[in-house]
Amino acid sequence: MSPRRNRIDKPEDRGSGAPMGSSLRRVEEYRGEDWVVQTVAGTAGRHYRCPGCDQEIPPGVGHVVAWPEHGGVDDRRHWHRACWGARERRGSNVLRGRGAPKY
């Protein structure tokens, strides 16, 4: 009897540019321009505010980070996955209450 193999050999595809560790980066169109969209696991210890629903994304929740293709670090926005998927069906203005924080 031969010993059991514990490892599965997987071919590494580094040329496609899609898999990046635990995230997946792609380009999608939004508001007439190309946006870079990256799925993240949400392991950072920070709270983010989703521009789609104006609700917090707590630490540990997987979400999407999107920014204009020609934008910089300051243009990144953290979205719930469902909110990013419904971005074209939502209104463009999200109104906050008077006491709501502006982050």
Which residues, taken from segment 24-83, are surrounded by 15 or more Cβ atoms within 10 Å (Cβ to Cβ) and among the aromatic types (Phe, Trp, Tyr)?
TRP35, TYR48, TRP67, TRP79
Search result, residues across segment 54-68 that are in a loop (DSSP other than H, G, I, E, B) and under 18 Å from ARG26 (Cα atoms):
GLY62
Picking from GLY15, GLY71, which residue would you name as being at pLDDT 60 or above and assigned to a loop (DSSP other than H, G, I, E, B)?
GLY71
Could you list, in sequence order, the residues of segment 41-53 that are modelled with pLDDT of 90 or more and either assigned to a strand (DSSP E or B) or out of contact with any strand residue (DSSP E or B) (no Cβ under 8 Å at 6 or more places or on another chain) (or both)?
TYR48, ARG49, CYS53
Look through segment 21-30, keep the residues that are closer than 19 Å to VAL73 by Cα and of a type outside the set (Phe, Trp, Tyr), and return whichever of them is modelled with the lowest pLDDT.
SER23
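The values are calculated or read from the model by the stated rules, or taken from the named source; none is laboratory data. These figures come from a predicted structure and were not determined experimentally. Please note: Cβ atoms are built from the backbone with ideal geometry, for glycine as well, and neighbour counts cover all protein chains shown.
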